[in-house]
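Taking it in order: structure first as structure tokens, then the write-up.
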Amino acid sequence: MAEPLPETPFREAPHDLNEVADHLEPPEGYRVEIIDGSLLLSPTPVSAHAAIATDLTLALAPVLPRGCKPVQNVTLLIMPSGERYVPDLVLLPNGLITKDQWKFPSYEALLSIEITSPGNAETDRVKKTRGYARGEVPAYLLVDMESEELTLFLEPEGGVYQKQVHPDSEGVLHLPGPFTGPIDTSDLFAFPS
């Protein structure tokens, strides 16, 4: 007869998803996010996705507020909900960026950018839009690869963005202060077939 397994009370298991996420070791090329109370493992994006992140970094460089820097592969903690997002690009004050820091409160970001992928488009369009607004990120740029559209969400209030801005007919996206001007997005989706 087999010996019974020792009883381990569930209350001793980690209940905090952030604690669990901190201890996960995802496979190379994957990242861990907490969205709507669930742990989500996402694969590395395709080259067009990465190229758009680079193009946006270059487009933003001349209009960045003084003392800020666009960074990739960092985690934003959505304080009211305990969620954590890994935006494709986020604009943070230089003073927050240190050698070992990889998690930041969402309200410290000036702009968060998500570029949709086939497996997560609805998450970026709906859940993260709501999450960034709840987390008081003042500006969220959604780059929709499927529709080839950009939407800049502004003025979070009560967990909802009050304003949406799209590029004009020339592809110029007007950014709010503290940015010092607009960016040209006309060639953002120009890829060979």
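No lab work stands behind these numbers, since they all come straight from the coordinates. Bear in mind that the values here come from a model prediction, so they are computed numbers and not experimental data. Ideal geometry is used to build each Cβ from the backbone, glycine not excepted, and the neighbour counts take in all protein chains shown.
Antiparallel DSSP bridges in the chain: what percent, to the nearest 5?
So the antiparallel bridges amount to about 80 percent of the total.
Restricting attention to the range 30-134, which trypsin sites (Lys or Arg not before Pro) occupy a DSSP loop and are surrounded by at most 11 other Cβ atoms within 10 Å?
Those that pass, being in a loop and sparsely packed, are Arg66, Lys99.
Could you identify which residue out of Thr57, Thr98, Thr123 has the top mean-square fluctuation in a GNM of the chain using Cα springs shorter than 10 Å?
For the chain, modelled as a Gaussian network with Cα springs under 10 Å, the answer is Thr98.
Modelling each spin label as a point 7 Å along the Cα-to-Cβ direction, I'd like the Phe191/Val126 distance in nm, to one decimal.
Distance between label points: 2.4 nm.
Taking the Cβ-Cβ separation of Trp102 and Ser169 as r and a Förster radius of 45 Å, what is the calculated FRET efficiency to the nearest 0.05?
Here the calculated transfer efficiency is 0.70.
For the chain, set up a GNM with springs between Cα atoms under 10 Å and report which of Ser106, Ser147, Ser117 has the largest fluctuation.
Residue with maximal mean-square fluctuation among Ser106, Ser147, Ser117: Ser147.
Full-extension gain between Glu25 and Thr180, please, as 0.36 nm times their residue separation minus the C-alpha to C-alpha distance.
Length difference between fully extended and current span is 51.8 nm.
Run through the range 89-193 and list the chymotrypsin sites (Phe, Trp or Tyr not before Pro) located in a DSSP loop whose Cβ has at most 16 other Cβ atoms within 10 Å.
Trp102
Who wins for biggest fluctuation among Ile78, Ile183, Ile113 in a Gaussian network model of the chain, springs between alpha carbons below 10 Å?
Ile183
Within the chain, what's the longest stretch lacking GluC sites (Glu not before Pro) that sit in DSSP loops with no more than 11 other Cβ atoms inside 10 Å?
29-145
Let me know the shape class of the range 45-184, please: from the alpha-carbon gyration tensor, a ≥ b ≥ c as square roots of the eigenvalues, rounded when a/c is under 1.5, otherwise prolate if a/b is greater than b/c, or oblate.
Rounded, since a/c falls under 1.5.
Could you give the spread of the C-alpha atoms of the range 39-99 along their three principal axes, from largest to smallest, in whole angstroms?
For the range 39-99, the Cα spread along each principal axis is 36, 30, 22 Å.
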